[in-house]
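Peer 1: First, the structure itself, so that you have it in front of you.
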């Protein structure tokens, strides 16, 4: 091992952190927002809508994420004529995929809220929309916060797949260094350390947020 041979490439590798964080943040936001909508669709009393939500989740959870990524990136230009940028394709794919998992977490959180609170809200004349967004969802999110953090961490680690379509993230930059220096171990170890540090920072932030939420109960 000789990390000195790649010391000049470390700034190039570190610049990939911004790409990784940008991708993870955009995908997490898209997945969370669509996940809420999908969870509400699944608990809808309108059966065709609920069946759509169940079918959507089944497809995205039952097929490999890498296949989904390739379909969005390579099939979109063929079907629509639009040459979709690699990062955009990755955000769309990961957002849609993450929403399938997040929707199940949110649905479980909604169903875990005491039914008595819904009945009390209805007796006070609160609309169903107001009851869901002002009473039920805020309580559900408090209970499922650890699961949402775990999904975000999984999303961050899975982001390494975007290097397969040319997104120049941390792993892709490590591969570039590897091809230039013919050193396999050192660049990949540095990439692993970067991902580990980011995950630890995210975990620490999540724990503090969790404690803060508990104090507000």
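The values are calculated or read from the model by the stated rules, or taken from the named source; none is laboratory data. Since the structure is predicted, the reported quantities are computational estimates derived from the model, not experimental observations. Glycine gets a Cβ as well: all are built from the backbone with ideal geometry, and neighbour counts include every protein chain shown.
Peer 1: Go through the range 114-129 and report how many residues are surrounded by 12 or more Cβ atoms within 10 Å (Cβ to Cβ) and in a helix (DSSP H, G or I). It would help to see each step written out before you state the result.
Peer 2: Within the range 114-129, the first condition is being surrounded by 12 or more Cβ atoms within 10 Å (Cβ to Cβ), and the residues that meet it are 117-118, 120-122, 126.
Filter once more, keeping what is in a helix (DSSP H, G or I): 117-118, 120-122.
The total comes to 5.
Peer 1: Quickly run through the range 53-69 and pick out the residues that are surrounded by 15 or more Cβ atoms within 10 Å (Cβ to Cβ) and farther than 13 Å from residue 99 by Cβ.
Peer 2: The answer is 69, and nothing else.
Peer 1: While we're on this one: Suppose we keep only residues that are modelled with pLDDT of 90 or more and either assigned to a loop (DSSP other than H, G, I, E, B) or touching a strand residue (DSSP E or B) at 6+ places or on another chain (Cβ under 7 Å) (or both) within the range 84-113. Which one would you say is surrounded by the most Cβ atoms within 10 Å (Cβ to Cβ)?
Peer 2: This residue is 84.
Peer 1: Residue 71 - would you say it is in a helix (DSSP H, G or I) and more than 24 Å from residue 138 (Cβ to Cβ)?
Peer 2: Numbers: in a helix (DSSP H, G or I): yes; more than 24 Å from residue 138 (Cβ to Cβ): yes.
In short, yes.
Peer 1: Starting from the range 51-79, keep only residues that are closer than 16 Å to residue 161 by Cβ, then list their pairs with residues that are not in a helix (DSSP H, G or I) whose Cβ atoms are within a distance under 8 Å, requiring at least 6 positions of separation or different chains.
Peer 2: 72/84; 73/84
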